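This report refers to the structure that appears directly beneath it.
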Amino acid sequence: MADSRGFLQVRERELAPKRPVALRLLDWNEVVELGDKAVVGRQASRCMDCGVAFCHQGCPLGNLIPEWNDLVHRDRGREAIERLHATNNFPEFTGRACPAPCESACVLGINQPAVTIKQIENHIIDEAFAAGWVTPQPPSRLTGKTVAVVGSGPAGLAAAQQLTRAGHTVAVYERDEEPGGLLRFGIPDFKLEKALVARRVEQLKAEGTRFRCGIEIGRDMSWTELRRRFDAVVVATGATVPRELVLPGRQHAGILPAMDYLAAANRALGADAAEALASGAETAAGKHVVVIGGGDTGADCVGTAHRQGALSVTSLAIGKRPGALRPTGQPWPMHPTVFEVSSSHEEGGERAYLASTVEFLGDGGRVTGLRVAETGFSDSGRGPIPGTERDIPADLVLIAMGFTGPEEIADPGLVLETDPNGAFARATDFSTPQPGVFVAGDAGRGQSLIVWAIAEGRAAAAAVDSYLMGATVLPSPVTAASRAFA
């Protein structure tokens, strides 16, 4: 443990400061500043000798949190990154884009604010890169086996890195122009700067992983041909089909899925900015923006709209506003639903709860507003209460209601069944009835967290290695049937 009395001497959470709102709205740089080393060390000392570290199970990766907390407290950063990398390929991604279920499961959090695990994780990896401790780890020998990974999001990247380091020849196929999946095109820079993604991709390339971007399997290359070329295939295409809102007026221009909007905004900041602008992609500049959906994607839309110069931003959530305290139905160590103010919501805009959209209003083919009603609850479910309608002006409406599952594979070369949730069905070891084909990440789990995607990528890699070699020493932190505390 870090300090036997640390949790008694330091009883409050100390977080890294955020850049002032007025300043950060002028650019797309990360909102959170680098944490002070002394503060991080004090917070690490709060990790207690709890006997059973529930944070291990709160995190599907099984991160060795007490161990690297102790090392950070003792200023042994090089050993800390070794312990962190032992379970997590990309801690700079989880440290920035994960909601930290490990903190919800922290034993100290029963009667004190939880240890700032996420901030400590960020400090470890940022210090490690700055000190040059993160280097490529190419395999010492090659097995002669080949693996194709389809999709380069966190699950695909994790699987590819594990399999490459095991000695297999791995090629990652990505239909977008750059690797990273939603890390690259879905999450805004102010939350995860793209230089961090590019840095990891370069590490994978140096280790031997090959990237084939701009190639969509099933269109540019058939699944039959892919399976003929490779000994095994990992399908890590994500759950990218957006949940729709089919209502009167949906045909009006200016209403689009949130991810289409975020991807265009991310492309406009990259080297392909001219192409993105020439495509006529929707921006929030000079518009009244309404975001339907109160989750992380909705918050990303809010922050992006502010930076693009929106006149106003309104977020609508169909349910009740969560309480400030952990609900009785979600006791420790579950990850609770509580009211949170993201960095994007700090920057302005309005948030409305119990708001059911009933109609999109338009004039001349373009959206001009939304008609919403108060949400009511009954034995048959929830729905709008007649007589409570009101209109909200809107020039741009972003539907951020989550995703229903992976895109259908319309190719006879790979027929995958779907489960009741719309995800690709697989066995507990991530295998499918198709020989040599495995499914990892949101494509098989459904919409989930980045930490689950990395855990599934690592576990699927172990299953593939065992399939190819008859045995494996790769770690397998989860099965396809694993679920969070619930």
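Values as computed for the structure displayed
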| item | result |
| --- | --- |
| Some residue of region 300-319 being surrounded by 19 or more Cβ atoms within 10 Å (Cβ to Cβ), under 23 Å from Pro242 (Cβ atoms), touching a residue at least 40 places away in the same chain (Cβ under 8 Å) and among the acidic types (Asp, Glu) | yes |
| Single residue of Ala410, Ala453 found to be modelled with pLDDT under 95 and among the aliphatic types (A, V, I, L, M) | Ala410 |
| Residue that is among the polar types (S, T, N, Q), outside any strand (DSSP E or B) and in contact (Cβ under 8 Å) with a residue 40 or more places away in the chain, where the choices are Thr357, Thr297 | Thr297 |
| All positions within region 459-476 that are open to solvent by 10 Å² or more (accessible area, probe 1.4 Å) and either hydroxyl-bearing (Ser, Thr, Tyr) or within 18 Å of the chain's Cα centre (by Cα) (or both) | Ser466, Tyr467, Thr472, Ser476 |
| Residue in region 363-383 that is under 23 Å from the mean Cα position of the chain (by Cα) and closer than 25 Å to Glu244 by Cα present | no |
| Those residues of region 300-336 which are assigned to a loop (DSSP other than H, G, I, E, B) and closer than 28 Å to Ala265 by Cβ, in sequence order | Gly309, Ala310, Leu311, Ala317, Ile318, Gly319, Arg321, Pro322 |
| Residues (of a type in the set (A, V, I, L, M), under 18 Å from the mean Cα position of the chain (by Cα) and at pLDDT below 95) located in region 477-486 | Ala484 |
| Options Thr388, Thr404; residue that is farther than 30 Å from Ala53 by Cβ, in contact with an Asp or Glu (Cβ under 9 Å, 6 or more places away or on another chain), not in a strand (DSSP E or B) and not small (Gly, Ala, Ser) | Thr388 |
| Region 119-148 residues that are under 22 Å from Thr209 (Cα atoms) and aromatic (Phe, Trp, Tyr), paired with ones that are part of a helix (DSSP H, G or I) and open to solvent by 40 Å² or more (accessible area, probe 1.4 Å) (beta carbon under 7 Å, 6 or more apart) | Trp133/Arg78 |
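The values are calculated or read from the model by the stated rules, or taken from the named source; none is laboratory data. It should be emphasised that the depicted structure is a prediction, and the values quoted were computed from it without experimental measurement. Note that we place each Cβ from the backbone using ideal geometry, even for glycine, and neighbour counts take in every protein chain shown. In case anyone asks, the SASA skips ligands and DNA or RNA and just uses the protein heavy atoms, side chains included. Shrake-Rupley method; radii C 1.70, N 1.55, O 1.52, S 1.80 Å.
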